[in-house]
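The values are calculated or read from the model by the stated rules, or taken from the named source; none is laboratory data. None of the values given here were measured: they were computed from a predicted structure. Here Cβ is always computed from backbone atoms with ideal geometry, including for glycine, and neighbour counts include all displayed protein chains. Ligands, DNA and RNA are stripped out before the accessible areas are found, and what is left, the full protein with its side chains, is counted by its heavy atoms. Shrake-Rupley method; radii C 1.70, N 1.55, O 1.52, S 1.80 Å.
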Amino acid sequence: MPAPETPWWHPRRHADRRPLLAARGRILKAARAWFEAAGFAEVEPAALQVSPGNEAHLHAFATLAIGPDGAARRMYLHTSPEFAMKKLLAAGETRILAVARVWRNRERGVLHAPEFTMLEWYRAGEPHEAVMDDCIALLRLAATAAGAEALRFRDRRCDPFAAPERLTVAEAFARFAGIDLLATLGPDGTPDAADLREALGSAGIRCAADDGWSDMFSRVLVERVEPQLGRGRPTILHRYPAAEAALARRAPDDPRLAERFELYACGVELANGFGELTDADEQRRRFAAEMDEKARVWGERYPIDEEFLAALALMPPASGVALGFDRLVMLATGAPRIDAVMWTPVAG
């Protein structure tokens, strides 16, 4: 029987982790200074929300808020500060940053923790390419603050100072899986599960009989595409299918696609960004579809934040991105696991 692992609070183990935690502090200090110099206001979104978000495969922690009269109301710890921050954009803020604690249930592993730190920021009136550039600047800043020449994870290496690779999702599927992804989308972006299932079969990728288009898309992305991204230099994976747009607006030149991107280094996803959707009707339809899928797969739904949808009518065109700060520190320090760079990892 293996010996029990030394707990994180044991002095001997803490001494081993202390240099990583010190680097974490330097990276956070440098990031805050960078955003301040760029004219961002740091905001503090409330973590307790009426809705934790409405993505089918994101899982929240729920609690009861009990009022002075004893009445109980179900509330959630946010999975992202996105809804609250977009309300601030609607209120008139133009450049905002949050260093937010966020919570996601059903997540634990080398790259996942149920509670972690997210850097999330928005630029009103600016294209999503602007926050792509921000992401690359932060990779370089983190490496410099950590005293690292490269970002590292396992046997993979990424030079954050190299020019990033910009790869569309369709290009990535063709290169790494041999799949013509756009051929599985209708002219308006409607996905065809039968076409994608056939393409997976031809590529030798197994899928379950009840997998939908989105399930199969995610399988290819995780198994074939993501491990190849950010090797040697950062990769910006962009122009996602509109069916995977989440809260991103559609691309103006192709209704099949959306202004969504993800940043990768060493095969690890670090950030997820959008040209933000401000059409409340379309956002409501997307939320409803996501919750239908959540009910089908997981047997539950989350409420829709009606104030958020109302705020979209006042929200200016904007771009935004959420970056996993702990993962960034992990790669900048070469740490083997995400909990190695957390001051007090969640037990269990």
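One table, with the values for the structure above:
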quantity	calculated
Paired Rg and Dmax values of the range 211-297, which use every Cα atom, in angstrom	14.0, 42
Accessible surface of the range 8-50, 1.4 Å probe, proportion on carbon and sulfur as whole %	59
Farthest positive-ward along the chain dipole, Cα basis, beta-carbon charges - from Phe325, Ala90, Ala22	Ala22
Residues whose placed amide H lies under 5 Å from that of Cys207, excluding near-sequence neighbours	none
Residues of type lysines that Lys29 reaches as a straight line, Cα spacing below 27 Å, ignoring anything fewer than 8 places off in the same chain	Lys86, Lys87
Value of relative contact order over the chain, rounded to a whole percent, pairs C-alpha under 8 Å and six or more apart	23
Residue-wise HN-Hα coupling along the range 311-319, computed from phi with Karplus coefficients 6.51, -1.76, 1.60 (Hz; x: Gly, Pro)	5, 4, 5, 9, 6, x, x, 7, 10
Karplus (6.51, -1.76, 1.60) ³J(HN,Hα), θ = phi - 60°, over the range 73-82, in Hz, Gly and Pro reported as x	10, 6, 9, 9, 7, 5, 8, 6, x, 4
Equivalent ellipsoid semi-axes - Cα gyration tensor, the range 203-348, angstrom	27, 21, 19
Percent carbon-and-sulfur accessible area, the range 104-166, ignoring ligands, DNA and RNA, probe 1.4 Å	45
Spatial separation of Cα centroids for the range 156-197 and the range 258-290, in angstrom	15
Whole-Hz couplings from phi, Karplus 6.51/-1.76/1.60, listed for the range 25-35; x for Gly and Pro	x, 5, 5, 5, 4, 5, 5, 4, 5, 5, 5
Amide H contacts of Ala41 (H built 1.01 Å from N, under 5 Å, at least 5 apart or other chain)	Arg95, Ile96, Leu97
DSSP loop trypsin sites (Lys or Arg not before Pro) with at most 11 other Cβ within 10 Å: longest gap in the chain	207-348
Value of Rg to Rh for the range 34-82 (Rh from inverse mean 1/r over Cα pairs, i.e. Kirkwood)	1.16
For Ala318, residues with placed amide H under 5 Å, excluding near neighbours	Gly125, Glu276
Shape parameters for the range 1-77, alpha-carbon atoms, Rg then Dmax in Å	20.1, 55
Cα-centred dipole magnitude for the chain, charges only on beta-carbon of K, R (+1) and D, E (-1), debye, nearest 20	1480
Cα-Cα pairs of the chain separated by more than 28 Å (percent)	45
Mean accessible surface per residue for the range 199-348, computed with a 1.4 Å probe while every protein chain stays in place, in Å²	39
Solvent exposure ordering (accessible area, 1.4 Å, most first) of Asp210, Asp192, Asp254	Asp210, Asp192, Asp254
The range 203-328, accessible surface, carbon-and-sulfur percent (1.4 angstrom probe)	49
Cα centre as origin, Lys/Arg/Asp/Glu Cβ charges: the range 184-271 dipole, Debye	340
Against the rule of thumb 2.2 N^0.38 Å, how large the Cα Rg of the range 41-144 comes out	1.25
Only Lys, Arg (+1) and Asp, Glu (-1) charged, at Cβ; the range 239-313 dipole about Cα centre in debye	200
Cα gyration tensor shape of the range 115-210, rounded if a/c is under 1.5, else prolate or oblate by comparing a/b with b/c	prolate
